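Any read-out appearing in this document is the output of simple, stated calculations on the displayed coordinates, not a laboratory observation. Quick caveat, the model's predicted, so the values are computed rather than measured. Note: ideal-geometry Cβ built from the backbone for every residue, glycine included; neighbour counts use all protein chains shown.
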Amino acid sequence: MLPSAANVLSLDIDFGRERNLKLGVVGPHPASHEAAFEVRAFFPSPNGMAEDPVTGSLNAGLAQRLVGAGLAPPRYIASQGTKLGRRGRVHVASDGATFWIGGDVAPCIDGSVRL
């Protein structure tokens with residue numbers, strides 16, 4: 001059984017005690033919410049950041065598990081970053097064999113690399 005989105009949003013991790021914790025959590029929103037799930041990604045980081053506002057790779061893994069277990073439809077929206085004051089939306093779609101993860105981004109760096 002999944003915790004509710006409200007329970008996911010209420011989590012407060014003490015990284016002083018949990019230095020090696022790497023944790024992804026997910027909980028369903030009520031049917032009236034625009035997003036089907038609330039997702040949070042916790043991890044220790046040398047730069048002091050303890051939570052990722054939006055994580056495509058975590059949402060991809062969760063989608064495989066949720067859709068595969070029949071806990072999510074093949075197409076849904078996940079909300080992430082809410083607790084951090086962000087409004088991340090991850091769009092998930094599956095055709096049964098392949099999962100597509102997408103959404104809008106705010107580019108912070110632009111450039112090219114020649115190898």
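From the residues Gly81, Val92, Ala60, which one has its Cα farthest along the dipole of the chain in the positive direction, the dipole being from +1 and -1 charges on Cβ of Lys/Arg and Asp/Glu about the Cα centre?
Comparing the listed Cα positions along the dipole, Ala60 ranks first.
Residues in the stretch 83-115 near a label at Ala60, defined as backbone nitrogen under 17 Å from the 7 Å Cα→Cβ point?
Only 90-105 fall inside the zone, counting backbone N under 17 Å.
If I model a spin label as a point 7 Å beyond the Cα along the Cα-Cβ vector, how far apart are those points for Glu34 and Met49 in nm?
It is 2.3 nm.
How many times 2.2 N^0.38 Å is the alpha carbon radius of gyration of the stretch 5-102?
Working: Rg = 13.6 Å, N = 98, 2.2 N^0.38 = 12.6 Å.
Dividing the Cα Rg of the stretch 5-102 by 2.2 N^0.38 Å gives 1.08.
Might you report the magnitude of the Cβ-based charge dipole of the stretch 3-52 about its Cα centre, with Lys and Arg at +1 and Asp and Glu at -1, to the nearest 20 debye?
It comes to approximately 180 debye.
Rank Ala97, Ala69, Ala60 by mean-square fluctuation in a GNM of the chain with C-alpha springs under 10 angstrom and give only the top-ranked residue.
Fluctuation is largest for Ala97.
Could you work out how much longer the chain between Leu23 and Lys83 gets when fully extended? Use 0.36 nm per residue separation minus the Cα distance between them, nm to one decimal.
On the way: separation 60, 0.36 × 60 = 21.60 nm, distance 1.54 nm.
This chain segment gains 20.1 nm when fully extended.
Taking the number of other C-beta atoms within 10 Å as the exposure measure, put Thr98, Thr55 in order starting with the fewest.
Numbers: Thr98 7, Thr55 22.
Final ranking by Cβ density, sparse to dense: Thr98, Thr55.
Contact order normalised by length for the chain, with contacts defined as Cα pairs under 8 Å and 6 or more residues apart; what percent is it?
Details: 187 pairs, mean separation 21.6, N = 115.
Normalised by residue count, the contact order of the chain is 19 percent.
Which value, in debye to the nearest 20, gives the size of the charge dipole of the chain about its Cα centre, when Lys and Arg are +1 and Asp and Glu are -1 at the Cβ?
On the way: 11 positive and 10 negative charges, 26 e Å.
The calculated dipole for the chain is roughly 120 debye.
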